[in-house]
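Dropping the structure in here first, questions after.
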Amino acid sequence: MDEALWAVGRATGIIGLALFTVAVLLGILTRAGRPTIGLPRFAVTLVHRNASLLATAFILIHIITLLFDPYAQLELIDLVVPFVGEYRPFWLGLGTVGFDLLLAIMITGLLRNRIGRRTFRIVHGSTYVMWPIALIHALGTGTDAATPAFIAFTVVCTAAVAAAVVWRVTPRFARPDLSAPVTTIAAAPAPHHPAPPTTGVRS
C-alpha cells in the first residue's frame with residue numbers, strides 16, 4: 001500500500017508538471033493574441049484555462065496522496081510553510097513555495113474581475129517563477145529523477161518553455177493590432193466601351 005501511494009503521488013506530480021508546461025506555453029500564446037494549430041484565439045484561451053485547472057487537480061491529488069504516505073513524511077504545515085519538512089526539507093520546501101504561488105495564481109484568476117486587470121497580470125506573472133521551482137522540486141525529491149525517461153521529459157519541457165519565453169521577450173512577439181480596420185481592395189471599374197457609330201439607312 002505504501003508503495004502504491006508513493007507511485008500515485010509521483011505519477012500525479014509528473015502529470016501535473018506536464019500539464020503546467022502546456023498551460024505556460026498556451027498562456028504565452030494567448031498573450032500573443034494569435035491562433036494556433038487551427039484553433040481561434042478564444043479556443044486557445046479556453047484550452048489554456050482547462051489545462052491549468054486540470055494541472056491543479058493533479059497537483060492536489062499528488063499532495064493528498066503523499067500526506068498519507070509514511071515514506072514522504074508530509075504534514076499539513078508542510079503545505080504552506082516551506083523548508084520545515086522532515087524528508088529532504090530544501091527540495092520539499094521548493095514544492096511548498098510552488099504550491100503557495102499556485103494558490104495565489106488560482107485565487108486571483110477566479111477574482112480577476114474584482115481585483116483588476118493590473119493586479120491579475122502581476123500575480124499571474126509569477127507563473128514564470130513557479131514553473132522552474134516546480135521542475136527543480138521534481139528533480140530534487142523524485143526517486144526516478146535520474147532515469148533516462150525523466151531526464152528526457154525534463155529536457156523537452158525545459159526546451160519548450162525556454163523557447164516560448166525567448167519568443168515572449170523578442171519584438172516578434174508584438175501583439176497584432178486587432179482593432180485596425182480591415183483594408184479591402186476596391187473592385188476595378190468595368191472598362192467603358194464607346195458605342196459603335198450609327199450608320200444611316202438609305203431609303
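The values are calculated or read from the model by the stated rules, or taken from the named source; none is laboratory data. Everything numeric here is computed off the predicted structure, so don't read it as measured data. Glycine also receives a Cβ, built like all others from the backbone with ideal geometry; neighbour counts cover every protein chain displayed. Side chains included, ligands, DNA and RNA excluded: accessible areas come from the protein's heavy atoms. Shrake-Rupley method; radii C 1.70, N 1.55, O 1.52, S 1.80 Å.
Report yes if some residue within segment 120-128 is open to solvent by 30 Å² or more (accessible area, probe 1.4 Å) and farther than 26 Å from V169 by Cα; otherwise report no.
No, segment 120-128 contains no residue that is open to solvent by 30 Å² or more (accessible area, probe 1.4 Å) and farther than 26 Å from V169 by Cα.
Among A18, A55, which is the only one that is modelled with pLDDT of 85 or more, open to solvent by less than 60 Å² (accessible area, probe 1.4 Å), out of contact with any Phe, Trp or Tyr (no Cβ under 6 Å at 6 or more places or on another chain) and within 25 Å of T147 (Cα to Cα)?
Only one candidate passes the filter, namely A18.
Here are the criteria: (1) in contact with a helix residue (DSSP H, G or I) (Cβ under 9 Å, 6 or more places away or on another chain); (2) in a helix (DSSP H, G or I); (3) closer than 30 Å to E86 by Cα. Tell me which single one F120 does not satisfy.
That leaves (3) as the condition not met.
Consider L66 against the criteria (1) among the hydrophobic types (A, V, I, L, M, F, W, C); (2) part of a helix (DSSP H, G or I); (3) within 24 Å of the chain's Cα centre (by Cα): it satisfies all of them except one. Which criterion is unmet?
Condition (3) is where L66 drops out.
Right, something else. So, L94, is that one surrounded by 16 or more Cβ atoms within 10 Å (Cβ to Cβ), in contact with a helix residue (DSSP H, G or I) (Cβ under 6 Å, 6 or more places away or on another chain) and either in contact (Cβ under 8 Å) with a residue 12 or more places away in the chain or of a type in the set (A, V, I, L, M, F, W, C) (or both) or not?
Considered against the rule, which asks whether it is surrounded by 16 or more Cβ atoms within 10 Å (Cβ to Cβ), in contact with a helix residue (DSSP H, G or I) (Cβ under 6 Å, 6 or more places away or on another chain) and either in contact (Cβ under 8 Å) with a residue 12 or more places away in the chain or of a type in the set (A, V, I, L, M, F, W, C) (or both), L94 comes out as yes.
Is it true that L29 is aliphatic (A, V, I, L, M), open to solvent by 70 Å² or more (accessible area, probe 1.4 Å) and within 11 Å of the chain's Cα centre (by Cα)?
So L29 fails the test.
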